[in-house]
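Structure record follows, encoded as structure tokens.
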Amino acid sequence: MDKQQILKQYFGYDSFRSGQETLIDSILGGGDTLGIMPTGAGKSLCFQVPALMLPGITLVISPLISLMKDQVMTLNQAGIHAAFLNSSLTQNQYFKALSLAREGRYKIIYVAPERLLTDSFLEFALEAEISMVAVDEAHCVSQWGQDFRPGYLKIAEFIDRLRVRPVVAAFTATATKEVRDDIIDLLHLHEPLVTTTGFDRPNLYFAVHSPRDKYDTIKRYLENHRGESGIIYCLTRKYVEEVCSKLRQDGFPVTRYHAGLSDGERRQNQDDFIYDRSPIMVATNAFGMGIDKSNVRYVIHYNMPKNMESYYQEAGRAGRDGEPAECILLYGGQDVITNQFFIDHNTDNQELDPMTRALVGERDRERLRRMTFYCFTNDCLRDYILRYFGEYGSNYCGNCANCLTGFEEVDVTQIVRALAGCVLSCRQRYGVNVIIDTVHGANTAKIRQYRMDANPHYGELAKIPTYKLRQVMNFLMLQEYLTVTPDEYAVVKLTKKSAMALEPKEPILMKMAREQERPEKKEKAGRTRKGAAGFVLGREDEQLFEALRRLRSEIARKEGVPPYIVFSDKTLSHMCVIRPGNRNEMLSVAGVGEFKYEKYGEAFLKCVAGFEKEQADRTDFEGPEFRSMEYGEPQDYENF
Ligand code: ADP
Ligand code: MG
């Protein structure tokens, strides 16, 4: 079989995505290969397809048990024999798997890097015919990356020990030069072909909002997106707890994840999310690495993260299936302060010398600034992201909040004068909160204790909500009209530019994100699915989608796999458009290969036929009111 046939037969796709063929051809040509592609671009296929064409076994080195499990499950579902060897197996299971591997049962074996040099594994590897070593998440080898994993340093030694050197292919989504050089050096890649594909993810919609009440915004969003799976990222554990418990009280199927939970609970919650028992995950940034769930329809950031790298990585977990998905960042001025605090109290770099540490801190602060600019930019958000990563897009993408709506320009002169005036009149002795509370006229013990209730600016802007004052305060910091001391007291100080804030010569305008949901957003909520091929699902299609989704849930439950492993959302929406009536038509649906057809084809054909018949019957015999009663409301979750 050639690569095209394998793609169709096993994976059910008609064409390769950008970059995939180049990488596959390079591997099949016997050359070392390094693929740098963004999350969701389809890196796994680049080693899985050649693995099926090469004579021997392919070893895939992967950092996380969840990643291995997910991919092995997907392969098995597609009719490909694969297994994983990692610490989740008992001793017995491990030796059983090894002996099956010796018998040549598996074409693809996933293995944790720490296993490679163990006696039992080496013994097997020295006997076996290994055609390729594929290193997934290859940036883990680099200390420059965020996810350094010492075990990855053993890979090169392992490969050197093999009798015949297999082709080595490495894959990552991290593209910085340091990391790329490290991968090539530390994995001993031999003159590799390096391919980088664009970082754009056209199916992701980007938006930034600065709502008065973040929780309320999230709640309304979730109400409009019932039945969909999504992630809500918070900056701290405390926020995770808060948001998760409120959502639970409000009846949403949520779960949570952060480093403060026990291993067992983390694993349980992660599984609940993956299997769609709790399709909404509230988490800190500890969650996500190794989550290949393809049907995440939205990623909401409850707080602004510390830099664009983190943001794009986390937001990028939405829409891996190529279907439309939304990435929404809820900005609040406090987020800057919290992040600043994390940077100033970073304990990760203890072993660095003071000068390097200062440099790292400086770089982190700069990255935070550029993250903050993202929240305030008036330009196309996608363009901002791509430019950040060194790519040049067009300045209008048509699929972000700025392109679709724009920001409003607000005259903030009066607010600026009051804030700067207050800093001056309190002799630069207090922090952001005291200044804001004073201007707002808060009647708290602290304000009275500091005698700020006697400050000439006390209560001057009582009518302006504090979140807005905070936004303006932050704007003043960014523009360097004011600054804060870099210690834990974060005292607000005047700068050389402060005169322009105290006595502005012309109106000071600031771009503020509009607050209300805009009409096109409502329309967007109605138009739930638009395929990558550009098809839009109508109301009836959506009803069929729900029926197919229920069938998928049933099958998934019976087989004990997550629903998206049976078929992706994209495959289901494609089915709604094609409405297959026979085997051949079903095989033309993206994501339906021969093997999956044998397993599920009939059931889904039946579901489509049943739906069509029901529709026809209703149209013939009953009034439209009845129909809308029956199908008008969103259907239940895929909960079980
Ligand atoms: P990555 O590892 O690059 O983040 P994955 O390998 O997990 O991405 O692939 C993401 C999704 O894209 C998967 O659901 C996969 O089945 C799908 N995919 C990969 N290649 C293709 C293709 N050629 N056509 C359609 N879908 C694809
Ligand atoms: Mg991957």
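The values are calculated or read from the model by the stated rules, or taken from the named source; none is laboratory data. None of the values given here were measured: they were computed from a predicted structure. So basically every Cβ, Gly included, is an ideal-geometry build from the backbone, and we count neighbours across all protein chains shown. All accessible areas refer to the heavy atoms of the entire protein, side chains included, with ligands and DNA or RNA removed. Shrake-Rupley method; radii C 1.70, N 1.55, O 1.52, S 1.80 Å.
So here's what we get for this one:
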{"quantity": "Additional length obtainable on full extension of the chain from Lys496 to Glu123, 0.36 nm per residue less Cα span", "calculated": "127.4 nm"}
{"quantity": "Modelled FRET efficiency - R0 25 Å, Met53 with Arg165, Cβ distances, 0.05 increments", "calculated": "0.85"}
{"quantity": "Rounded to 5, percent antiparallel among DSSP beta bridges of the chain", "calculated": "15 percent"}
{"quantity": "Using a Förster distance of 56 Å, the FRET efficiency for Lys599-Leu359 (Cβ separation, nearest 0.05)", "calculated": "0.50"}
{"quantity": "For the chain, accessible area per residue (1.4 Å probe, heavy atoms of protein chains only), Å²", "calculated": "45 Å²"}
{"quantity": "Label-zone membership for the range 18-59, site Thr196, 7 angstrom Cα→C-beta point, backbone N under 17 Å", "calculated": "19-20, 23, 33-39, 41"}
{"quantity": "Solvent-accessible area, 1.4 Å probe, carbon plus sulfur percent, for the range 407-513", "calculated": "49 percent"}
{"quantity": "Which listed pairs, of Lys3/Lys596; Lys8/Lys570; Lys3/Lys177, have C-alpha distances above 24 Å, in listed order", "calculated": "Lys3/Lys177"}
{"quantity": "Distance cut-off 24 Å, percentage of C-alpha pairs in the range 204-388 lying past it", "calculated": "39 percent"}
{"quantity": "Cα centre as origin, Lys/Arg/Asp/Glu Cβ charges: the chain dipole, Debye", "calculated": "1240 debye"}
{"quantity": "In nm, spacing of pseudo-spin labels at Leu509 and Arg17 (7 Å Cα→C-beta vector)", "calculated": "4.0 nm"}
{"quantity": "Surface share of carbon and sulfur [accessible, 1.4 angstrom probe, percent] for the range 3-196", "calculated": "50 percent"}
{"quantity": "Stretch gain in nm, segment Met289-Lys606, where the contour uses 0.36 nm per residue and the Cα spacing is subtracted", "calculated": "110.4 nm"}
{"quantity": "Full-extension gain in nm, Ser262 to Lys463, via 0.36 nm per residue minus C-alpha separation", "calculated": "67.8 nm"}
{"quantity": "Normalised contact order of the range 3-196, rounded percent, pairs of Cα under 8 Å and 6 or more residues apart", "calculated": "30 percent"}
{"quantity": "Dipole-positive endmost among Tyr152, Ala358, Gln9 within the chain (Cβ charges, Cα centre)", "calculated": "Ala358"}
{"quantity": "Summed residue charge, Cβ within 11 Å of Glu559's Cβ, Lys/Arg positive, Asp/Glu negative", "calculated": "+3"}
{"quantity": "Exposure of Arg105 as accessible area (Å², to 10), given a probe of 1.4 Å and all protein chains", "calculated": "120 Å²"}
{"quantity": "Computed E for Asp185/Leu100 - FRET, C-beta separation, R0 35 angstrom, nearest 0.05", "calculated": "0.50"}
